[in-house]
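Reading through the structure tokens given below for one structure.
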Amino acid sequence: MEYAPDAMFTYNQKSKRTFSVMLIIVVTVLALLVTYYAMFLRHSESPIILAINMFFGHIIGEITASTQLGLFYAAMFGGLFFVIMSMELLFITFFDAGHHPAVLISMYLLGMTVAYSVNYLIGMRLGGISKKIIGPQQFYKIKGVINKHGGLAIFVFNVLPLPSQPLSAMLGVFKYNRPRFYTFFLLGQGVKYTAIVLFFMFGASLI
């Protein structure tokens, strides 16, 4: 479905209230489930709970130990648009752990590619909900920037320390060309993290 650049996305007031109420209910239920698990189920001997504990324990352990697999997990989960995290600071943390720069950048980009693919898919499949979360003004403002500057806007948004995670979901809503999306996303992120590595390897000593 194509959206005209000057199109106006109108919201029915009742629909907005219903959506807001449903969102609050979903967030509240999730918060209650997490709290209930932490207080009563975490030490359960149930096979399902044991499997959940093992799964999250493995991920947290790998990230805490700053392993290469932990690097992939951190980039994958941190790259999701609904997770608030500075990917640049996270990258620097793993760089300080002593990973080879080439491995560090490769694993980080691999994890982010998985995350951004999920973001794009969510935006594409749940476009209506995504638009309501983003808001009509912000939605069409970003749409206008993409229409005007195309891949350059995506590259700049990824090469600078900007929240590119939500952008990847918005591009899914727009059904932006996937090969171009991956090309400019990977180029931007690759240039950014290469620059960070070069700075800490050579530039920091000059300051």
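Step by step: first the residues of the range 85-125, then only those that are under 18 Å from VAL159 (Cα atoms) and not in a helix (DSSP H, G or I), then the one that is nearest to the chain's Cα centre (by Cα). Which residue is that?
MET85
So that you can scan it fast, the table gives a plain yes or no per residue for (1) in contact with a strand residue (DSSP E or B) (Cβ under 7 Å, 6 or more places away or on another chain); (2) surrounded by 12 or more Cβ atoms within 10 Å (Cβ to Cβ); (3) more than 16 Å from LEU121 (Cβ to Cβ):
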site: GLY172; (1), (2), (3): no, yes, no
site: ASN177; (1), (2), (3): no, yes, no
site: TYR182; (1), (2), (3): no, yes, no
site: PHE199; (1), (2), (3): no, yes, yes
site: PHE202; (1), (2), (3): no, no, yes
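Being more than 21 Å from GLY188 (Cα to Cα) and touching a Ser or Thr at 6+ places or on another chain (Cβ under 8 Å) is true for just one of HIS99, HIS58. Which residue is that?
HIS99
Can you give me the ranges of the helices (runs of 4 or more DSSP H) entirely in the range 6-84 with at least 1 residues that are modelled with pLDDT under 75? Before you say what the answer is, go through the steps one by one.
Numbers: elements: 13-36, 47-64, 68-78.
Ranges flagged: 13-36, 47-64.
Can you tell me which of ALA153, ALA102, ALA51, ALA97 is buried (at least 16 other Cβ atoms within 10 Å of the Cβ) and either of a type in the set (A, V, I, L, M, F, W, C) or free of Cβ contacts under 8 Å to residues at least 12 places away in the same chain (or both)?
ALA153
Taking the stated definitions as given, is TYR120 buried (at least 16 other Cβ atoms within 10 Å of the Cβ), touching a Ser or Thr at 6+ places or on another chain (Cβ under 7 Å) and at pLDDT 80 or above?
Here the answer is yes, as TYR120 does meet what is asked.
Among the residues of the range 61-73, is there at least one that is closer than 13 Å to TYR193 by Cβ and not acidic (Asp, Glu)? Break it down into steps so the answer makes sense when it comes.
Step one: of the range 61-73, the residues closer than 13 Å to TYR193 by Cβ are 71.
Next, from what is left, pick out any that are not acidic (Asp, Glu): 71.
There is at least one residue in the range 61-73 that is closer than 13 Å to TYR193 by Cβ and not acidic (Asp, Glu).
Among the residues of the range 137-164, which ones are closer than 14 Å to VAL191 by Cα and over 19 Å from the mean Cα position of the chain (by Cα)?
The one that is closer than 14 Å to VAL191 by Cα and over 19 Å from the mean Cα position of the chain (by Cα): LEU152.
For the range 84-94, name all the residues that are free of Cβ contacts under 8 Å to residues at least 60 places away in the same chain and not aliphatic (A, V, I, L, M).
Hits for the range 84-94 are THR93, PHE94.
All but one of (1) among the hydroxyl-bearing types (Ser, Thr, Tyr); (2) in contact with a helix residue (DSSP H, G or I) (Cβ under 8 Å, 6 or more places away or on another chain); (3) loosely packed, with under 14 Cβ neighbours inside 10 Å hold for SER66; state the number of the condition that does not hold.
(3)
State whether the residues of the range 167-189 include one that is under 15 Å from GLY79 (Cβ atoms) and not in a helix (DSSP H, G or I).
no
Considering every residue within the range 72-83, establish whether at least one is without any contact (Cβ under 8 Å) to a residue 24 or more places away in the chain and either small (Gly, Ala, Ser) or in contact with a strand residue (DSSP E or B) (Cβ under 7 Å, 6 or more places away or on another chain) (or both).
no
The values are calculated or read from the model by the stated rules, or taken from the named source; none is laboratory data. No experiment lies behind these values; they were computed from the predicted model shown. Heads up, the Cβs are rebuilt from the backbone with ideal geometry, glycines too, and the neighbour counts pull from every protein chain shown.
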